[in-house]
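Beneath this line is the structure, given in structure tokens, with notes to follow.
The values are calculated or read from the model by the stated rules, or taken from the named source; none is laboratory data. As the structure is a computational prediction, the values presented were derived from the model and not from experiment. Using ideal geometry, Cβ is built from the backbone for each residue, glycine included, and neighbour counts are taken over all protein chains shown. SASA here: full protein model, heavy atoms, side chains in, ligands and nucleic acids out. Shrake-Rupley method; radii C 1.70, N 1.55, O 1.52, S 1.80 Å.
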Amino acid sequence: MSDTNLSAVLHSKGDLRLEERPIPEPGHGEVQIAVQSVGICGSDVHYWTEGRIGDFIVNAPMVLGHESSGIVTKVGECVTHLKCGDRVALEPGVPCRYCDYCKTGRYNLCPDVQFLATPPVDGNIARYFTHAADFCFKLPDHVSFDEGASLEPLSVGVHACRRAGVSLGHTVLICGAGPIGLVNLLVAKSMGASKVCMTDISEPRLQVAKSMGADYTVHVNTRDGQAVATKIHQVMETQPDVTIECSGAEPSIQTGIYATKSGGVLVLVGLGPAEVKLPIVNAAVREVDIR
């Protein structure tokens, strides 16, 4: 066990520093974690390069990172299901547990959720940090720390595909072939999707998507959402039952609406500008559900 706690601290836009911070002690219901692996989320990059995401603004020094796994090194009072030495993956959003959202199982919507690396809450690109024990999950021996850290972005794909109702035989369009788009591809396939088409402005990303099981890929080289949707229909030879938009780009959201079949579902996952222009009448007339 190291006696230092080197941490990646973002002070402001473009100002990321490695600093020594005190090693935290676990409180009631918490465990201390020796961090082993942390993924770099697009949100971490966005905070670093832009200093904000929408209404979430870095106004004070903040440790980055929330996709993580580690080893339990200390156990706080009343923690009984974990012990020192346990290998765990971490769920980064800790809710209040008492509001209606929490009690009905939609605790991700808790207004008082404390989410790692979301201002002003510190993240965990650090040697040590403490976390609510009930949001730490034991890893089987055959699951690596890197795989454990990947469970958090994978959960985004699970949640999105569940919201979309992806099921056996569905055709699925995924807009954006970045990491989140790729985990949605894996989850959609595992839920029984018969065909999955992926779009992106990057041809190399589409090649990765193809290698991971995408049935079709469409390279986007225009901001005309309707034109891209037409190309998707030609490539797929059908209109997708479900579209999962993972880029947040305005033209891509427009494509999602135009491409989805009447009566289908569009799930918005990507975070882009705070306001976007949408062909909402097209969605309303064709009963495309936007979730």
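Here are a few things to note about the model shown:
Residues are listed down the side, and each one gets a yes or a no for (1) touching a helix residue (DSSP H, G or I) at 6+ places or on another chain (Cβ under 8 Å); (2) aliphatic (A, V, I, L, M); (3) part of a strand (DSSP E or B):
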| site | (1), (2), (3) |
| --- | --- |
| SER7 | no, no, yes |
| HIS28 | no, no, no |
| SER43 | no, no, no |
| ASN59 | no, no, no |
| VAL72 | no, yes, yes |
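- Matching option when the condition is without any contact (Cβ under 8 Å) to a residue 40 or more places away in the chain and crowded, with 16+ Cβ neighbours inside 10 Å, among CYS96, CYS102, CYS84: CYS102
- Looking across ALA149, ALA193, one residue alone is under 25 Å from SER43 (Cβ atoms) and modelled with pLDDT of 95 or more. It is ALA149.
- Residues in segment 187-204 that are over 14 Å from HIS170 (Cα atoms) and open to solvent by 30 Å² or more (accessible area, probe 1.4 Å): ILE201, SER202, GLU203, PRO204.
- Unique residue being under 20 Å from the mean Cα position of the chain (by Cα) and of a type in the set (Ser, Thr, Tyr) when the list is SER12, SER7, SER37: SER37
- Subset of segment 241-254 that is in contact with a helix residue (DSSP H, G or I) (Cβ under 6 Å, 6 or more places away or on another chain) and over 12 Å from VAL269 (Cα atoms) - its residue that is surrounded by the most Cβ atoms within 10 Å (Cβ to Cβ): VAL242
- Tally of residues being hydroxyl-bearing (Ser, Thr, Tyr) and in contact with a Pro (Cβ under 8 Å, 6 or more places away or on another chain) across segment 252-291: 2
- Any chance SER7 is touching a strand residue (DSSP E or B) at 6+ places or on another chain (Cβ under 6 Å) and either surrounded by fewer than 17 Cβ atoms within 10 Å (Cβ to Cβ) or at positive phi (or both): no
- Within segment 30-41, the set of residues being among the β-branched types (Val, Ile, Thr) and not in a strand (DSSP E or B) comprises ILE40 only.
- Residue check, PRO273 out of contact with any strand residue (DSSP E or B) (no Cβ under 6 Å at 6 or more places or on another chain), assigned to a loop (DSSP other than H, G, I, E, B) and free of Cβ contacts under 8 Å to residues at least 60 places away in the same chain: yes
- Close pairs from segment 37-56: first of a type in the set (Asp, Glu), partner crowded, with 18+ Cβ neighbours inside 10 Å, Cβ under 6 Å, at least 6 apart: ASP44/LEU64
- Options ASN108, ASN124; residue that is touching a Pro at 6+ places or on another chain (Cβ under 9 Å) and either crowded, with 17+ Cβ neighbours inside 10 Å or assigned to a strand (DSSP E or B) (or both): ASN124
- As a summary of the residue check, CYS136 satisfies the conditions (1) out of contact with any Asp or Glu (no Cβ under 7 Å at 6 or more places or on another chain); (2) open to solvent by less than 50 Å² (accessible area, probe 1.4 Å); (3) over 25 Å from SER69 (Cα atoms) except for the one numbered (3).
- Residue selected from segment 159-173 under the condition part of a helix (DSSP H, G or I) and either in contact with a helix residue (DSSP H, G or I) (Cβ under 8 Å, 6 or more places away or on another chain) or not aliphatic (A, V, I, L, M) (or both), by the criterion surrounded by the most Cβ atoms within 10 Å (Cβ to Cβ): CYS161
- Inside segment 83-107, residues that are out of contact with any Phe, Trp or Tyr (no Cβ under 8 Å at 6 or more places or on another chain) and of a type outside the set (Ser, Thr, Tyr) make up a count of 11.
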